[in-house]
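The values are calculated or read from the model by the stated rules, or taken from the named source; none is laboratory data. This is a predicted model, so every value here is computed, not measured. So basically every Cβ, Gly included, is an ideal-geometry build from the backbone, and we count neighbours across all protein chains shown. Just the protein is used for accessible areas: all its heavy atoms, side chains included, with ligands, DNA and RNA removed. Shrake-Rupley method; radii C 1.70, N 1.55, O 1.52, S 1.80 Å.
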Amino acid sequence: MTPFDLDRPAADDAAADPVERNLDLAWELLSAQPTHPKIAQLALQVLAAQPERSSAALLLGSHREACGDADEARRLYRQVAGRADSQFINAARALRHLAFAEHDHPEALSWARTVLRVDQEGWDDWIELGYAQALSGEYDGGWHQLDEAVAMSARTAPDDLRKALGKRAVYLFGTFAPPEVFVPAAEEAIRADAANPTIALMLGWAYLVQYRFADAEELALRLLREDPTDGQLQNLVETARTMRRIVDDADAEDVTLEDIRRAGVIEMAWQLLRDRILGTDLASALAALDKVMPEDLRATLRPAATPSEEEAKDIGAMAAEDLVAWHDGQRPGSGATWGLPETFRLMSAAEMLAMDAAIEADPAAHPDWPQNDAREPVLTDDAGAYLVVVAFGKLVARRPGHPDEPVAESMADWIWDRAASFGGRDPRPAPRRADDPAGSLKPSPEVLAELDRLNEACRAAPGDMEPQIKLWTGVVRLDQWVCINRGTPEEPRPYALAAETGSMLAIFSSATRAKAAAHAGGLVPEGAPVPLFVVPLPAAIDWAMSFGERGVVGVTVDYPQLGAWCPLPNLARLKQMRDPS
């Protein structure tokens, strides 16, 4: 498949003209076997007869790209773009495709915008723009553009809607969209029978991250009917059932749901599987680093180690096991070879095991290393400080007598940063841009996952007040509440639900959940922008209580995804719990 559409010669023209016949045959080969050497022979014959034949040059470029010769493909694409003839749009699309393949996000975004300056009619060019925006750090703007492209497909090319829905789900997944953003799009793609197996699998894991264990099991069982031998789906079913068993029989289990939540086990499983599929995992990062690391750094690394099964268990599987299998640490005192201000170096398996044994033997002598917490020390500065992989896979700096300092989202991210600093390509989406709209309306995935977990606990025990208090304590400890604006920008008015006893003020933990509710409830047409406003906490509590004078009897959070509600008078008590002073 070519990354762009080109004009192919009509059959009667090809039969009459040897040049056209060669071009037609080259097209047929490109569709069937894009790396076939005959393609280049035929394309070069056409170009020898007609040097300015842009479609033949693009055909040859697509063949070179498929063969792995990106530089020659780029030269041919740019040559055609420079002619500014009727094939310019296809040359721009080809250059956009090549930039995506090489993870050159700014270049892909530039060519995506260039394409749309020439042709604004196709939904597929708009969806590529959204993908490029998100990869470049414009997450909310890019994800909104994906939605706009799907809506455009529904209006202008309904026969393509299944394709658009499937592509949106793939691009959300490929730009690290959190489960709350990914899930609704993946569900819509599955309903339209447009989701590929990977998207369906990741939807199941996203359900687990949202503590929707029954939904995860149901989806996996349905998919297993199509392929009963799929090991990843079997693992998903087993994990979902284990989680449900823990919830149903917490007293009899050695591990509680709270233990799992605190360690971020499910969230890490989602991230690791996502990274492995996208090629952004730790193993891929280490392979990329191997290609670009300076020789002075390479000289300090020890040979790889193969720990025993018992040692591997003690070392830890979050990151340490992969690191020692790559190189078993660095020579002491060699941390400066990473080129960073602080001279941390990789620890060996023996050092990791010795440190873990020392902590277990004398916890009082190691007050900065809590017992039973997920931890894997992986680097040291040989002066008492360490880089440690902790819960949720995050990498922190741990120094005696000081709180942990965040260093990177994961060990893989730290290695990718090093590879990029040495000149390697970075396949990850860019960090969120400071000017990305709505960025401030998105709490961390951990915060949202905790609300989801607490809500599931409320549903599991509807008569128990304790989980409801915990849920609403979490709601009032958010930084802000997001509301759907039913008024004007000058005079905002929050959306409220009608109930038998009075109105329920609808508040949301994130902009994404508010937008999803507005579309699901028909407040705003699908694909149209949703007017929002935010009220910071704790002032939002008094603000919400003031609506009691207008017939509001309570507040509901993240309706319909959660839908838990709290009587308005109880907010005063929750405010006291948030700020006892």
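Of note:
- If you go through segment 184-207 and keep only what is outside any helix (DSSP H, G or I) and acidic (Asp, Glu), you end up with just ASP193.
- Residues located in segment 51-65, provided they are at pLDDT 95 or above and either open to solvent by 40 Å² or more (accessible area, probe 1.4 Å) or of a type in the set (Val, Ile, Thr) (or both): ARG64
- Residues (open to solvent by 20 Å² or more (accessible area, probe 1.4 Å) and either touching a strand residue (DSSP E or B) at 6+ places or on another chain (Cβ under 7 Å) or in a helix (DSSP H, G or I) (or both)) located in segment 208-226: ALA214, ASP215, GLU217, GLU218, LEU221, ARG222, LEU223, LEU224
- Output for segment 393-435, where each listed residue is part of a helix (DSSP H, G or I) and open to solvent by 70 Å² or more (accessible area, probe 1.4 Å): SER421
- Looking at THR239, THR229, THR256, just one residue is open to solvent by 20 Å² or more (accessible area, probe 1.4 Å), under 22 Å from the mean Cα position of the chain (by Cα), farther than 30 Å from PHE100 by Cβ and free of Cβ contacts under 8 Å to residues at least 60 places away in the same chain, and that residue is THR239.
- Flag for ILE541 being at pLDDT 90 or above and among the β-branched types (Val, Ile, Thr): no
- Options THR239, THR229; residue that is in a loop (DSSP other than H, G, I, E, B), of a type in the set (Ser, Thr, Tyr) and either in contact with a Phe, Trp or Tyr (Cβ under 7 Å, 6 or more places away or on another chain) or closer than 18 Å to ALA200 by Cα (or both): THR229
- Filter result for ARG262 (assigned to a helix (DSSP H, G or I), out of contact with any Leu (no Cβ under 7 Å at 6 or more places or on another chain) and more than 30 Å from TRP126 (Cα to Cα)): yes
- From SER546, SER503, residue being assigned to a strand (DSSP E or B) and either open to solvent by 20 Å² or more (accessible area, probe 1.4 Å) or touching a His at 6+ places or on another chain (Cβ under 6 Å) (or both): SER503
- The residues on offer are ALA517, ALA498, and the sole one that is open to solvent by less than 50 Å² (accessible area, probe 1.4 Å) and not charged (D, E, K, R) is ALA517.
- Between THR512, THR473, the distinction of being surrounded by fewer than 15 Cβ atoms within 10 Å (Cβ to Cβ), part of a helix (DSSP H, G or I) and hydroxyl-bearing (Ser, Thr, Tyr) belongs to THR473 only.
- Filtering segment 145-164 to residues that are more than 22 Å from ALA108 (Cβ to Cβ), in a helix (DSSP H, G or I) and open to solvent by less than 30 Å² (accessible area, probe 1.4 Å) leaves only ALA151.
- Search result, residues across segment 368-392 that are over 18 Å from ILE266 (Cα atoms), modelled with pLDDT of 90 or more and either of a type in the set (A, V, I, L, M) or outside any strand (DSSP E or B) (or both): TRP369, VAL378, LEU379, ASP381, ASP382, ALA383, GLY384, ALA385, LEU387, VAL388
- GLN468 vs. criteria touching a strand residue (DSSP E or B) at 6+ places or on another chain (Cβ under 6 Å) and open to solvent by 40 Å² or more (accessible area, probe 1.4 Å): no
- Taking segment 298-322 as the range and being among the hydrophobic types (A, V, I, L, M, F, W, C) and either modelled with pLDDT of 95 or more or part of a loop (DSSP other than H, G, I, E, B) (or both) as the test, the residues that pass are ALA299, LEU301, ALA304, ALA305, ALA317, MET318, ALA319.
- Here the condition is being at positive phi, of a type outside the set (A, V, I, L, M, F, W, C), surrounded by 16 or more Cβ atoms within 10 Å (Cβ to Cβ) and within 30 Å of the chain's Cα centre (by Cα); of HIS97, HIS103, it holds for HIS103 alone.
- Filter pass, ARG168 being open to solvent by less than 50 Å² (accessible area, probe 1.4 Å), among the basic types (Lys, Arg) and out of contact with any Phe, Trp or Tyr (no Cβ under 8 Å at 6 or more places or on another chain): yes
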